[in-house]
Amino acid sequence: MTGGIATAAAFYLGAFGPALTVFAPMVGLVCAFCLAPFIGWVTRGRYYLARRRFVPPVAGNRYVCVVCQNSFEGEDIARCPVYAGFICSLCCSLDSRCRDACKPEGARLSGQIASVGRALLPQAIMTPNFGVICRYLLILFALMACTGSVLSGLYTAILPFTAVNSHGLYAVFWKTFFLLLLPLAALAWFVVLKQRSYRAAEDENRYQTRLLMKEIRAHRRTDQQLKKAKERAESANLSKSRFMVGVNHEIRTPLNSIMGYAYLLENQMLTPARRDEGLKIIQRSAEHLSGLIEGLFDISKIEAGRMDVLHEKINFPDFLRHLTQMLRFQANQKNLDFIEDIQDTIPDYVITDQRRLRQILINLLSNAIKFTNQGSVSLSVRWGTEIATFEIRDTGIGIPEEDMDRIHEPFQRSSHPNSHRIPGTGLGLTITRLLIQILGGELTISSKVGQGTICRVRLMLSSAQSDAVMVPPINLLTEAGSMAMGKRRPSVFVVDDDPIHRGMINDALEPLGFVVYSAANGQECLDIAAHASIDLFLLDVNMPGMNGWQLARRLRQGSNRASIILIISADEQVRSQTNRDGLCDGILSKPIAISELLTLIDRTLVPAAQPSESDSQAVTNRLLTPSDLSELRRLARLGHIAGLIRFLDTILDSIPEDVRIIRDMAKNFKIGELRSFLDNYEKRK
């Protein structure tokens, strides 16, 4: 187009003679048509199209322009990189703020000038300001050309009508041209600065727009996060409400039994035959509450990430043997077959947290036994490549498909009609799932209603060599010791600010031959202990004034430094400590089980008694007769502890060792272990 205009102007001004002046428009048109393909051939069509042609993904669809919001066919739109969307041809032509961002750099005049400059000029001149200088020179030359054209036209028009010497008039116009160069240079620089200012304003506007869009996106993300947080909070609030309803029901039900039977016993409203049953109901209800509290503590510790996982070396076959002994006894009580399928190639020693693994397996097996009325419960153990797989199968009532997710929540049970008749806290499966997760394993459950349930646990159990330090397996059927201290009666000092707790310990230990001292605070204990020889101290942690740890430190520094000290606490953090600076020999948790207290005292206070020669001579070869076993089973089934002890006293002289074991179980109310001992005793015969 520029070439056509220049050629037409030359013809019009008579550069090719006056006769051809009239052909100037035709020559300009022909020249423009001829130069277009010639330029395309010279440049090989590089800049013939400013951008690649947009091909609609779906032919016939209409697209909305991001600027004018009108819909167009695919042939009338292009993809704009600045607006990041489709733009129509009209909006693309009118919008100059994009600076032709869709065009390649070489298609622009500035890019072409820069490429020529890089090819012809030294690299030292090609600085970032080279483009500004080129723009200034182009504008200056354009202004000079316009001014020269105007002055030339005036000179041509005035010359025929003036009498002045033409050379003088020519000089005047040249001087005028040179005088105008200074304002033209200033005007050119002003135009350049105005363009730079405009571009800088556009860049700043674009930058602020990007920041604003980024902030808008951030606000949208924040809004989405707030909505999700609100939903989580509402869900957590709803879960907390359901949780509190479940806790309320689980606490009030055993409390009702405890308060009701305590009132009946206090007012002697029960027959003698029903009194023992009432006491057992109170004990079971209290154990239910204790298990509920322990379960809630376990859940809170796991969810807070404060559950400590130990890495102990245990005898794996012994661990499984002790576990199956207890569970087989529970299954036999319901006339169920307990099937073991333990792989022969399991390692002798593995590294794991023995207590947590035992808790997982007991929860799953106990559930299988509780929810199975007939048939069998089986435990299968497989081990390979450091992975142990425990599979628990039962032929129980099964779990409906719609309850598979719900049963993992606290206090939730299956919707099966028979499941609500079976007692339980509703926390076992929740705790089991969380424990398996923190041990790095997985739990899968499959079930069919009326056919049974399969629980599969996969855990990482690394095998260990036999020369490592081994933690002995926890025997769930431990037989109580003899509590014998020789001829001297052992002395126990109970320090607690609660008189009810002191009275309970006193009533539990005095009938067993202990001399029991008691004090309500630490200073009173120190005053009495300074004048007495104490074998065992039972110290409560939380007491006014001097707490249990401070009192233990004072006792270690005084005359009772060799005494056994047991710390009693209801604080979960204190119970997780095994010892603190050697101040105590053990830690008991509230509520205290009398059997657990006696076992711990027997283990820490009484050394393993070696049978003397006179004792060995007194033991005869007589065993318990079938009639003895039948009577013991009858009394154990009735829970008649006093009758059990009286019957054992009648046969003590003939069978002293067996009777002592059974007597200790009866005193500690271990009826289940006693019945299991009687069954195993008959098999040994």
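A short reminder: the numbers here are calculations on the coordinates, not readings from a lab. Because the structure is predicted, anything quoted here is derived from the model rather than measured. Cβ sites come from the backbone with ideal geometry, for glycine too, and all protein chains shown count toward neighbours.
Results, tabulated for the structure shown:
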{"item": "Stretchable slack from residue 94 to residue 224, in nm (0.36 nm times residue separation minus alpha-carbon distance)", "result": "43.0 nm"}
{"item": "Amide H contacts under 5 Å for residue 350, placed H, 5+ residues apart", "result": "314, 316, 464"}
{"item": "Taking 213, 543 and counting other C-beta atoms within 10 Å, the order from fewest to most", "result": "213, 543"}
{"item": "Where labels lie 7 Å past Cα in the beta-carbon direction, separation of residue 144 and residue 71 in nm", "result": "5.8 nm"}
{"item": "Calculated FRET efficiency for the pair residue 215/residue 280, C-beta based, R₀ 56 Å, to 0.05", "result": "0.20"}
{"item": "Gain upon complete extension [residue 30, residue 124; 0.36 nm per residue less C-alpha separation]", "result": "29.5 nm"}
{"item": "Above-threshold pairs, the threshold being 23 Å between Cα atoms, out of 280/370; 334/590; 370/670", "result": "334/590"}
{"item": "Taking 130, 38, 11 and counting other C-beta atoms within 10 Å, the order from fewest to most", "result": "38, 130, 11"}
{"item": "Residue exposure sequence - 230, 313, 334 - by fewest surrounding Cβ within 10 Å", "result": "230, 334, 313"}
{"item": "Extension gain from residue 62 to residue 533, taking 0.36 nm per residue of separation minus the Cα-Cα distance", "result": "159.5 nm"}
{"item": "Simple spin-label estimate for residue 627 and residue 521 in nanometres, 7 Å along Cα-Cβ", "result": "6.2 nm"}
{"item": "Inter-probe distance in nm under a simple model that places probes 7 Å from Cα toward Cβ, at residue 203 and residue 593", "result": "7.8 nm"}
{"item": "FRET efficiency, 1/(1 + (r/R0)^6) with R0 51 Å, evaluated for residue 325 and residue 550 via beta carbons", "result": "0.75"}
